[in-house]
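Working notes, structure below.
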Protein chains: 2
Amino acid sequence: MITSFTEENYLKSIYHLSPDEGTAVNTNAIAESLNTKAASVTDMLKKLADKEFINYIKYQGVTLTPLGRERALNIIRKHRLWEVFLVEKLNFKWDEVHDLAEELEHIHSDLLINRLDEFLEFPKTDPHGDPIPDKHGKFNVPELIPISKLKNETSGIISGVREHSPLFLKYLEKTGLVLGQEIKIKEQIEFDGSFIISIKENDIMISREVAKNLLIAI
Amino acid sequence: MITSFTEENYLKSIYHLSPDEGTAVNTNAIAESLNTKAASVTDMLKKLADKEFINYIKYQGVTLTPLGRERALNIIRKHRLWEVFLVEKLNFKWDEVHDLAEELEHIHSDLLINRLDEFLEFPKTDPHGDPIPDKHGKFNVPELIPISKLKNETSGIISGVREHSPLFLKYLEKTGLVLGQEIKIKEQIEFDGSFIISIKENDIMISREVAKNLLIAI
DNA sequence: TTATATTTTTAGATTAATCTAAAAATAATT
DNA sequence: AATTATTTTTAGATTAATCTAAAAATATAA
């Protein structure tokens, strides 16, 4: 079954909006995430339901069928592998690759993407630390915890982000808060919830907002 | 000015159908090359003329404007660089890359393609020997001659093909008639116009059809 | 040069994806 | 439970790209 770019973007959006497999996703949430209108979403949901990519009951939101989930993961796999390619081979920065990968993810060829996977030596995560599904759609969800939830004196490795905006990523880069960097939580300031952490022998302060979006492996 | 995939395919088609810059391309020729109908072509020609990519006079065919030519060459550059990537880095065969490159050529990023060019070390030709325009649209047209036009006892290097169908390319591959291979014309058979050529100390026969489509640098 | 054939364009429909505005269903609140 | 607010769907249009069938223009041939 052929899928259009648009359909693929809807499937991806529904996948990303599902906290877990069972719970339904709202029309409005999809509309917002795709910068479109609820009426347009309703139309597309009917179409995706016809094609058996989603379970759709009027007024009740949607869940992905196994087929839809497979398709969504395939697109996410492509997106993340292209991101690795752009960063590792073409020297793009981690804050520059998202929009390009949004285009490249729609290239329709499993053979191509499997060859790319091999060329990149089967990376497990993309440049933002997000896991890359293998060709069967399997991946491990690494146990990452935001800095905001860690206790003082905890050490760990920066291993992911919860926010992917170029502005945030550029800030992290500039501050040295890059993937693989070891850090240690020193203190939380009660007044505004900001944190003092040590990185490479220095103490720096990060806002609560940053702490919530920086993920650590312990 | 943003161009849709469809508009880009029309521009590319018009470029490929222009034997030289001045002569106009027919509506029907475009329709045939894009597997569409003349009426659809007329509609699109009006649109491309509005956008100043082509010079269009009703019933007189079209030529590319400098802007249209630039755009066409940019797409061709992308197509050919992606082909090099697929063959050199992802181990695709020269007969497998065309359809994939047809998709990849529409990725909209000059930065990406210039980085890819650099990564591939600025190749001058694609896997079929066709020249790759540089970022300014400049390229040398190599002087290649079909075997069918060569005299007996001429030696040369296989450097291009005039026909890109997978069937033809697979045949060449199997027969050892690959880019870079030196050959020598031994004899033309009057009866059917086929040729006997020597390749790696062996004499082989190729049909007139093959001889017309295999290009040699002397 | 008139008649015939071919090519190209117009007119009017169709399909995918979108929109606005209004109606219907569901959820929240008094 | 009745009213209000929110969410979702329907109805009807719009845009890009396509199509078929018919008309118009150009090219070819008698």
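The condition (being more than 29 Å from B:E7 (Cα to Cα) and within 15 Å of the chain's Cα centre (by Cα)) is satisfied by just one residue among B:S155, B:S159: B:S159. The residues of region B:38-50 that are more than 7 Å from DNA strand C (Cβ to nearest atom) and either under 14 Å from B:T6 (Cα atoms) or within 14 Å of another protein chain (Cβ to nearest Cβ) (or both), listed by number, are B:S40, B:M44, B:K47, B:L48. What are the residues in region B:128-155 that are touching a Lys or Arg at 6+ places or on another chain (Cβ under 9 Å), aliphatic (A, V, I, L, M) and within 25 Å of B:P66 (Cα to Cα), if any? Selection gives B:I132 alone. Checking each residue in region A:54-68 for being free of Cβ contacts under 8 Å to residues at least 12 places away in the same chain and among the hydroxyl-bearing types (S, T, Y) picks out A:Y56, A:Y59.
Can you find even one residue in region B:42-55 that is part of a strand (DSSP E or B), surrounded by fewer than 20 Cβ atoms within 10 Å (Cβ to Cβ), more than 19 Å from the chain's Cα centre (by Cα) and not basic (K, R)? The answer is yes, given that some residue of region B:42-55 is part of a strand (DSSP E or B), surrounded by fewer than 20 Cβ atoms within 10 Å (Cβ to Cβ), more than 19 Å from the chain's Cα centre (by Cα) and not basic (K, R). Report the residue count in region A:85-99 for those that are closer than 16 Å to B:D117 by Cα and in contact with a helix residue (DSSP H, G or I) (Cβ under 8 Å, 6 or more places away or on another chain). Here the count works out to 6. Condition test on B:K149, is it within 21 Å of B:A211 (Cβ to Cβ), out of contact with any Asp or Glu (no Cβ under 9 Å at 6 or more places or on another chain), loosely packed, with under 14 Cβ neighbours inside 10 Å and without any contact (Cβ under 8 Å) to a residue 24 or more places away in the chain? Taking the combined requirement at face value, the residue satisfies it.
Could you give me the residue pairs with C-beta distances under 9 Å whose first residue belongs to region A:5-16 and is within 14 Å of another protein chain (Cβ to nearest Cβ) and within 16 Å of DNA strand D (Cβ to nearest atom), whose second residue is not in a helix (DSSP H, G or I) and not hydrophobic (A, V, I, L, M, F, W, C) wherever it lies, and which are 6+ apart or on separate chains? As it stands, the answer is A:F5/A:H106, since those pairs meet every condition given. Looking across region B:1-45, the residues that are more than 19 Å from B:N74 (Cα to Cα) and among the hydroxyl-bearing types (S, T, Y) come down to B:T23, B:T27, B:S33, B:T36, B:S40, B:T42. Filtering B:H136, B:H108 for residues that are of a type outside the set (G, A, S), more than 10 Å from chain A (Cβ to nearest Cβ) and surrounded by fewer than 17 Cβ atoms within 10 Å (Cβ to Cβ) leaves a single hit, B:H136.
Taking region A:123-163 as the range and being of a type in the set (G, A, S) and within 29 Å of A:L100 (Cβ to Cβ) as the test, the residues that pass are A:G129, A:G137, A:S159, A:G160. Residue-level check: of (1) free of Cβ contacts under 8 Å to residues at least 60 places away in the same chain; (2) in a helix (DSSP H, G or I); (3) of a type outside the set (A, V, I, L, M); (4) over 16 Å from A:K12 (Cα atoms), A:K135 misses just (2). The strands (runs of 3 or more DSSP E) found wholly in region B:149-205 and carrying at least 1 residues that are on the phi < 0 side of the Ramachandran plot and of a type in the set (K, R) occupy B:182-188.
Restricting the first member to region B:30-53 and to residues that are within 18 Å of B:E102 (Cα to Cα), and the second to residues that are more than 10 Å from DNA strand D (Cβ to nearest atom), the beta-carbon pairs closer than 7 Å and six or more apart or on different chains are B:I30/B:S13; B:I30/B:I14; B:I30/B:L17; B:S33/B:S13; B:S33/B:L17; B:L34/B:S13.
Inside region A:56-105, can you point out the residues that are in a helix (DSSP H, G or I) and surrounded by fewer than 17 Cβ atoms within 10 Å (Cβ to Cβ)? Passing the criteria: A:P66, A:L67, A:E70, A:E88, A:D99, A:E102.
Readers should treat all values here as calculations from the given coordinates under stated rules, not as data from a laboratory. Given the structure is predicted, the values throughout are model-derived calculations rather than measurements. Because the Cβ atoms are built from the backbone with ideal geometry, glycine has one as well, and the counts that use them run over all protein chains shown.
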